[in-house]
Amino acid sequence: MNYTLRQLQVFLATAHYENITLASESLHMSQSAASIALQSLEKQFDIQLFDRVGKRLQLNELGRMVRPRAEALLERAQDLEMTLRRHSEIGPLKVGATLSIGNYLAVSLVARYMQENPGAKVTLEVANTSTIAAKLANFDIDVGLVEGELNQPGLEVTPWREDELVVFCSPHHPLAQKIQLEDDDLASAAWILRESGSGTRQSFDWAMHGLLPKLQILLELQHTEAIKRAVEANIGIGCLSRVTLENAFQRGDLVPLTVPHRNFKRWFYFVLNKEKYRSAGIDRWFQLCHEDNESLIPRS
């Protein structure tokens, strides 16, 4: 073998930080040692993996092709080391989840994972669907749970559990008294919605196909709680996942609105980088998610 795992670590750190000094600091190496490791890797194969852009080291086409394979190889090496040191013990896990999932579903899964595996560290990052997809593609997180559909060739997307969006308003809003809403009601209302790039907004736009240009979108907000508070203040009406609204409906702070002619059904999805090595931790996380989903199925 004409390369070392340390060289791959330097290569991946430099690809992430686009700076050899920051890369060396992250690996607790001197800058000169990191530079030598990277130069040796390129010299051994007579290649160049980076282009210099000012003070940045930016991956070139070859570097982008090598990166996922180096990441997968290093993951396997780390998993082997962990197995040799700790046998089958599950290690740290970085999870990315969209807002509805991260704030209302993922925390209980993280708690179960950590209870099963004392000492296993779980990092939960909450962002919108497009951000989670970018982090998965960049190997910044291990697994994703998203509420929007993705069509990126490098990502493996698997349906997890069903969900639906619900149109809702303040109990003091005029539409709260209507048995069901028609398109004229939807077009005349002021809307408070999630931002573009979120899975919730993607599903809403699909559900409103043909009517979207007529809608009066008053506010676009990044957080579900902010939308709920604005709707509760009777500024407009909203549309969010049912899992984010159930408590507010039970308290009577918000009121669900019936829109029978629009399809608000959707799926939550597992997402994994296709080049990502599936460690024992990732496999157990998926198992816990499936067990959580099965617990929701009514028993006869």
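Here are a few things to note about the model shown:
- For the chain, relative contact order (Cα pairs under 8 Å, six or more residues apart, normalised by length) works out to 21 percent.
- Taking amide H as placed 1.01 Å from N in the peptide plane, the amide H of Val167 sits under 5 Å from that of Leu257, each at least 5 places away or on another chain.
- At full extension, Gln152 and Lys265 could sit 38.5 nm farther apart than now, given 0.36 nm per residue minus the alpha carbon distance.
- Structure remark: mean-square fluctuation, Gaussian network model of the chain, C-alpha springs under 10 Å; the largest value among Arg64, Arg242, Arg266 belongs to Arg64.
- In region 165-300, taking the dipole from charged Cβ atoms about the Cα centre, the farthest positive-side position among Leu254, Leu175, Gly210 is held by Gly210.
- Working from the Cα coordinates of the chain, the gyration tensor eigenvalues give, after taking √(5λ), semi-axes of 45, 23, 15 Å in decreasing order.
- Region 5-86: relative contact order in percent, alpha carbon pairs under 8 Å with at least 6 residues between: 28 percent
- Taking the DSSP bridge list for region 163-265 and keeping only pairs wholly inside it, about 55 percent are antiparallel.
- R0 of 45 Å, Cβ-Cβ distance Ile36-Trp206: FRET efficiency to nearest 0.05: 0.25
- Each of the peptides 124-133, 65-74 was scored by the mean count of other Cβ atoms within 10 Å over its residues; in descending order, highest first, they stand as 124-133, 65-74.
- Considering only the chain, percent of DSSP beta bridges that pair antiparallel, nearest 5: 60 percent
- Highest average first, the peptides 92-98, 36-42 ordered by how many other beta carbon atoms sit within 10 Å of their residues are 92-98, 36-42.
- Share of pairwise Cα separations in region 163-265, more than 17 Å, in percent: 45 percent
- Spatially, region 112-130 and region 187-246 are offset by 28 Å when compared through their Cα centroids.
Any read-out appearing in this document is the output of simple, stated calculations on the displayed coordinates, not a laboratory observation. Owing to the predicted nature of the structure, the values given are computational and were not obtained by experimental measurement. All Cβ positions, glycine included, derive from the backbone under ideal geometry; neighbour counts span all protein chains shown.
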